[in-house]
Amino acid sequence: MAAMPNSHDPTGELPDLSTVWLRVFLEVAREESFTVAARTLGWTQSAVSRQISSLETALGGTPLFDRLPRGVRLTEAGRILVPYARAVAGALRGAVDELAALRAGTGGRLRFGAFATADAALVPQALAAFRARRPGVRVTREEGFTVRLLDRLTAGHLDLAVVSTTGRTPLDPYDLHHLLDEPLYVAVPADHPLAAHRGPVRLGRLADADWISGGPRPEGTLLDAALRQGFRPRVAHVVAEWTAKQGYVAAGLGVTLVPALAAASVRPDVALVPVHDEGGPARAVYVATVRGRSLTTAAEAFVGALREAAARIPTTVTPT
């Protein structure tokens, strides 16, 4: 609020104005009466008078009201103060309303990130349920690899992140909310001999195959599963996008690994065969939050929506 002229403050610094004073001032200005304002506020007339006197003193002894035989009337200084007092009161009401919405989880913002295959079904289902329940929350979303999402989370740019254990990224510094354990499938062309295989297959049977991967090296990718089974896969094509990988598989250019979260979106000319991984599920999926950083009500609600969505997502599919 702009400073009123203050003869007792040659530095021009703002006086320390009480919001209670401004509330009483606006009520007196509206009613043009200390007595009526006191009745509206539920105070005594003398208490209202003391508040106005304190405000006038804080503003350098500038009278805000002319005291008349019947009621009061704003002085020129009082008329100048009115719009500023209204602005302060309005801003405080807005802050109170916004904070109440934040506590209730019906307002505020939610910033989250997720890795690519989580966007196939998990995140959309959770987000749809969340928006239906809390339409007033402003939601922003980022997509990226787990390591980048964790960096963004640590820097305070995200409230939470959907991450996985792929990539051997250390997750110990974070609070983790488990969503699901995700097995793998090997995607082969529809006419591949393994396409008719009805049970899990060891990746060693594909040790001589050309592989399509998101990176040139298997370490830190889904192809860690092949390393666990004792062979180093030959990466013939480096392809980042899941839809593009499927195109390469369908064309007979190689095979690739598909996590369960993306299995439902595989094209019909590609067959999925479950992977027998003696080391257990290929990866776990979590919601990560920064340890010691409190979550808003909306963020907690979104974690709940993600858990509900994860419970509905099948982690097995019928081999095609």
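With +1 assigned to the C-beta of every Lys and Arg and -1 to the C-beta of every Asp and Glu, and no other charges, what is the dipole magnitude of segment 19-104 about the Cα centre in debye, to the nearest 20?
140
At most 12 other Cβ atoms within 10 Å and a DSSP loop assignment: could you name the GluC sites (Glu not before Pro) in segment 257-310 that fit?
Here the sparse-neighbourhood loop sites are Glu278.
How high is the relative contact order of the chain? Use alpha-carbon pairs under 8 Å, at least six apart in sequence, and give a whole percent.
Contact order relative to length: 21 percent.
About the Cα centre of segment 143-282, how large is the charge dipole given +1 on each Lys and Arg Cβ and -1 on each Asp and Glu Cβ? Please answer in debye to the nearest 20.
Details: 12 positive and 16 negative charges, 83 e Å.
Rounded to the nearest 20 debye, it is 400 debye.
What does the net charge come to around Arg141 if you take all other residues with beta carbon closer than 13 Å to its beta carbon, with K and R at +1 and D and E at -1?
Working: positive: Arg109, Arg111, Arg131, Arg138, Arg152; negative: Asp119, Glu142, Glu143, Asp159.
Taking every other residue near Arg141 into account, the sum is +1.
Which residue, Asp172, Asp277, Asp151, has the most motion in a Gaussian network model of the chain that connects Cα atoms within less than 10 Å?
Asp172
According to the square roots a ≥ b ≥ c of the eigenvalues of the Cα gyration tensor, what is the shape class of segment 34-177, taking rounded for a/c under 1.5, prolate for a/b larger than b/c otherwise, and oblate for the remainder?
Numbers: a/c = 4.47, a/b = 3.37, b/c = 1.33.
Note, shape of segment 34-177 comes out prolate.
Report the Cα centroid-to-centroid distance between segment 161-196 and segment 220-278 in angstrom, as an integer.
Taking the Cα centre of segment 220-278 as reference, the centre of segment 161-196 is 11 Å away.
What does the C-alpha gyration tensor say about the overall shape of segment 184-274? Classify as rounded when a/c is under 1.5, otherwise prolate if a/b is larger than b/c, or oblate.
rounded
Using a simple charge model, +1 on the beta-carbon of Lys and Arg, -1 on the beta-carbon of Asp and Glu, nothing else, what dipole does the chain show about its Cα centre, in debye to the nearest 20?
520
Could you tally the net charge around Arg267, taking each other residue with its Cβ under 15 Å from the Cβ of Arg267, Lys/Arg +1 and Asp/Glu -1?
Summing Lys/Arg as +1 and Asp/Glu as -1 gives -2.
What spacing in nm lies between the two simple spin-label points modelled at Thr44 and Ala190, each 7 Å away from Cα in the Cβ direction?
So the two model labels end up 9.0 nm from each other.
Count the net charge of all other residues whose Cβ sits under 10 Å from the Cβ of Gly247, scoring Lys and Arg as +1 and Asp and Glu as -1.
With Lys, Arg at +1 and Asp, Glu at -1, the neighbours total 0.
Positive end of the dipole of segment 114-192, charges at C-beta (+1 Lys, Arg; -1 Asp, Glu), about the Cα centre: which of Gly144, Phe115, Gly156 has its Cα farthest in that direction?
My answer, from the dipole projection, is Gly156.
Can you give the FRET efficiency for Thr243 and Ser54, using 1/(1 + (r/R0)^6), R0 = 51 Å, r = Cβ-Cβ distance, to the nearest 0.05?
The pair Thr243/Ser54 has a calculated efficiency of 0.15.
Taking 0.36 nm per intervening residue step and subtracting the Cα-Cα distance, what contour gain separates Asp181 from His197 on full extension? Intermediate results must be reported in sequence, preceding the final value.
Values: separation 16, 0.36 × 16 = 5.76 nm, distance 2.33 nm.
Separation in residues times 0.36 nm, less the Cα-Cα distance, equals 3.4 nm.
Lys/Arg Cβ at +1, Asp/Glu Cβ at -1, dipole of segment 198-320 taken about the Cα centre: which of Ala284, Leu257, Thr221 is farthest positive-ward?
Checked the options; the winner is Ala284.
Name all residues of segment 218-247 having a backbone nitrogen under 15 Å from the label point set 7 Å from the Cα of Glu143 along its Cα→Cβ direction, giving them as ranges.
Correct set: 240-246.
Subtract the Cα-Cα distance of Asp151 and Leu99 from 0.36 nm times their separation in residues, and report this length gain in nm to one decimal.
Values: separation 52, 0.36 × 52 = 18.72 nm, distance 2.80 nm.
Length gained between Asp151 and Leu99: 15.9 nm.
Calculated from the structure, Rg/Rh (Cα atoms, Kirkwood Rh) equals which of (i) 1.11; (ii) 1.31; (iii) 1.00?
(ii)
Since every read-out is calculated from the coordinates, none of them should be taken as a lab result. Bear in mind that the values here come from a model prediction, so they are computed numbers and not experimental data. All Cβ positions, glycine included, derive from the backbone under ideal geometry; neighbour counts span all protein chains shown.
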